[in-house]
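Encoded as structure tokens, the structure appears first; notes follow it.
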């Protein structure tokens, strides 16, 4: 198994740039990690990782925080960049009319969850000592998340249309 993993790492290193590897690693890093850990996972030197991470932070792709204990800078994926990436993906794969229809369906689905439970939010279930199966809870959370992504996609689409119309 180690030989297979090592071969995969070598192939990844040979077929990508250090920047691509750092960005790939941090794109799946949702809790702050030091540059040393990201460098190790990206197969680059710490200074290389830090340089690329600072550039990604300047671009808004990465967020930085200082660890109070170690005073190290920790890096994680920016939630804003993740939301925009998901919204852009939706815009590229679904036309506005279909997206509007999907938004309405998701809003209706969320309304059904609220009516069934008497709660506004799936996170309120634990506070109300309610029993709900995990699959339903996961579906409720997923629908809520996807609805938010879709709303951002529609807002971007509308903003782009507005800018195009005023640029003429």
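Can you tell me the equivalent ellipsoid semi-axes for region 113-157? Use √(5λ) from the Cα gyration tensor, largest first, whole Å.
Working from the Cα gyration tensor, I get semi-axes of 25, 10, 8 Å.
How many angstrom separate the Cα center of region 114-164 from the Cα center of region 59-92?
Using only Cα atoms, the two centres lie 21 Å from each other.
For the chain, set up a GNM with springs between Cα atoms under 10 Å and report which of 59, 121, 69 has the largest fluctuation.
The residue with the greatest mean-square fluctuation here is 69.
Can you give the Rg to Rh ratio for region 80-167, taking only C-alpha atoms and Rh from Kirkwood?
1.09
What angle, in degrees between 0 and 90 and rounded to the nearest 10, separates the Cα long axis of helix 2-15 from the longest principal axis of the Cα atoms of the chain?
With both axes taken from Cα atoms, the answer is about 90 degrees.
What FRET efficiency, computed as 1/(1 + (r/R0)^6) with R0 = 22 Å and r the Cβ-Cβ distance, is obtained for residue 54 and residue 12, rounded to the nearest 0.05?
0.45
To one decimal place, what Kirkwood hydrodynamic radius in Å is obtained for region 2-77 from all pairs of distinct Cα atoms?
12.6 Å is the Kirkwood radius here.
Computed on alpha carbon atoms, what radius of gyration and Dmax characterise the chain, expressed in Å?
Looking at the chain, its Cα Rg and Dmax stand at 20.9, 60 Å.
No lab work stands behind these numbers, since they all come straight from the coordinates. Computed from a prediction, not measured in an experiment: that's the story for all the values here. Here the Cβ is made from the backbone with ideal geometry for all residues, glycine too, and neighbour counts use every protein chain on show.
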